[in-house]
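The values are calculated or read from the model by the stated rules, or taken from the named source; none is laboratory data. All of these numbers come straight from a predicted model, not from anything done at the bench. Cβ coordinates were reconstructed from backbone atoms using ideal geometry, including for glycine residues, and neighbour counts include every protein chain displayed. For the accessible areas, the whole protein counts, side chains as well, though only heavy atoms, and no ligand, DNA or RNA atoms are used. Shrake-Rupley method; radii C 1.70, N 1.55, O 1.52, S 1.80 Å.
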Amino acid sequence: MARRFRAAGHEIVVSAAMADLAVVNTCAVTNEAAADSRAKIRQIGRAGVNEIVATGCWATLQPGQAKDLPNVLRVVTNDRKDQLVPDLLNLPQESFELEPIAREPLPGLHRRTRAFIKVQDGCDNHCTFCVTTIARGEGRSRPVADVILDIESALQGGTKEIVLTGVHLGSWGQEFDEHLRDLINVILRETDVPRLRLSSLEPWDLDADFFSLWDSSSSLRAGSRLMPHLHLPLQSGCESTLRRMARKTTPQTFRDLVAAARQAIPDVAITTDIIAGFPGETDEEFAESLAFVRELNFAGGHIFTYSPRPGTGAARMKGQVRPELRKERNHILHAALEESAKAYRQKFVSRTMSVLWESTSEMGEWGWRMEGLTGNYLRVNAFAASPRWNEIDRVKIDEYDNGRMSGVIANTG
Ligand code: SF4
């Protein structure tokens, strides 16, 4: 959207106080996310933006409520989101499709060096806690040529890392009998992307063969360009809870998949999402889930406290867990994940890793303090004589302390 606004002659500004118009992309994945979306709209209105456009999942599910918020002029539901900019500016969609428009980083202190490219939307699964399928509709994949065009424009704008995203990314290509692995191969073959990262992948979309994509002996240098990071949402480590969630996986298949990934991809970071306090989760089920989470030694992840989303099967289930107990279970799972994440990070002290610098701040006589991410998603700090934002450096990690990793730039390139 930013790219399209820019192409039509508008400027993207750093704060709401400087804006004439704001587009708020709302979320509905949890009650909290929906409340945050409303708070963001109100906050932007208070900052003086008179024209707010609300789009995204919460605005799609609750268009009336969204429209009633102060200064919201228009609600754009998900089915029109791709046309939001041309619709708003009254320009034909084709005027944006004539040539790739270079992506530039958004202004501000937290400028992103990564470009998130959506290759798929919607989902055909029916996980019983999930409101996304209701908000986003059926799964559909973007054609390879469109994705390549988007990636090329991001690379022209200086992006060093492309992140492929989708509501159900692993289903990419199912309409045209292709698999995500085909798309990844084309991207590695046809573009010079230095770093390619995959966002969340449902475990049932992958098999052991998928991990051969990371084969470092391949002519595409896939082993060094495809980041060794897999985010595989588990949601629960208990078989019966997974069944109530209508997830197409079991602890055993998940365990086998993770073992295959670790075997094929050196140093791979496997992160996950887990829901605490799903309806009907007994003490025994929770204990089973926790033991599984501990066993899997994840490199990190998110714990979501279950919140019933209107219109979902889980919201109607009997045996809703008390909110305090959901929170308590969240804390316990969080501590377990933190412990394994710590152990994972510690393994990299005294190793030399490639880091893409995402932020820089001047520190007087110390030079510049840089912060960035390794391929396996470790956040690293280092000092440099001059700002190296959006550069990739080799960094020798020399310390892991209090959740922070720091190192010394060893050489560039
Ligand atoms: S696969 Fe993901 S998006 Fe699809 S229903 Fe399940 S949780 Fe929701």
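Take the stretch 26-46 and flag every residue that is open to solvent by 40 Å² or more (accessible area, probe 1.4 Å), among the hydrophobic types (A, V, I, L, M, F, W, C) and touching a residue at least 40 places away in the same chain (Cβ under 8 Å).
Val29
Quick check: is even one residue across the stretch 109-119 at pLDDT 95 or above and either open to solvent by less than 50 Å² (accessible area, probe 1.4 Å) or of a type outside the set (Lys, Arg) (or both)?
Yes, there is a match, as at least one residue in the stretch 109-119 is at pLDDT 95 or above and either open to solvent by less than 50 Å² (accessible area, probe 1.4 Å) or of a type outside the set (Lys, Arg) (or both).
Among the residues of the stretch 125-135, is any under 21 Å from Glu190 (Cα atoms), surrounded by 19 or more Cβ atoms within 10 Å (Cβ to Cβ) and either among the polar types (S, T, N, Q) or away from the ligand (no atom under 13 Å from the Cβ) (or both)?
So far as the stretch 125-135 goes, no, none of its residues is under 21 Å from Glu190 (Cα atoms), surrounded by 19 or more Cβ atoms within 10 Å (Cβ to Cβ) and either among the polar types (S, T, N, Q) or away from the ligand (no atom under 13 Å from the Cβ) (or both).
Being open to solvent by less than 60 Å² (accessible area, probe 1.4 Å), more than 22 Å from Gly311 (Cβ to Cβ) and touching a Ser or Thr at 6+ places or on another chain (Cβ under 8 Å) narrows it down to one residue among Val49, Val23; which is it?
Val23
Those residues that are open to solvent by less than 10 Å² (accessible area, probe 1.4 Å) and over 24 Å from Asp215 (Cβ atoms), I need them from the stretch 252-280; list them, please.
Answer for the stretch 252-280, where residues must be open to solvent by less than 10 Å² (accessible area, probe 1.4 Å) and over 24 Å from Asp215 (Cβ atoms): Thr272, Ile274, Ala276, Gly277, Phe278, Pro279.
Taking the residues in the stretch 280-302 that are in a loop (DSSP other than H, G, I, E, B), of a type outside the set (S, T, N, Q) and more than 26 Å from the chain's Cα centre (by Cα) as candidates, determine which candidate is nearest to Ala314 (Cα to Cα).
Top of the filtered list is Gly280.
Give the stretch 168-222 a look and list any residue that's touching a His at 6+ places or on another chain (Cβ under 9 Å), in a loop (DSSP other than H, G, I, E, B) and either open to solvent by 40 Å² or more (accessible area, probe 1.4 Å) or farther than 16 Å from Asp146 by Cβ (or both), or say none.
Ser199, Ser200, Leu201, Glu202
Of the residues Arg247, Arg243, only one is within 16 Å of the ligand (Cβ to nearest atom) and surrounded by fewer than 14 Cβ atoms within 10 Å (Cβ to Cβ); which?
None of the others qualify; the one that does is Arg243.
From Leu196, Leu180, Leu169, which residue is within 16 Å of the chain's Cα centre (by Cα) and within 16 Å of the ligand (Cβ to nearest atom)?
When all the criteria are applied, what remains is Leu169.
Residues of the stretch 374-413 being on the phi > 0 side of the Ramachandran plot and either more than 22 Å from the chain's Cα centre (by Cα) or basic (Lys, Arg) (or both), which ones?
Residues satisfying the conditions are Asn402, Gly413.
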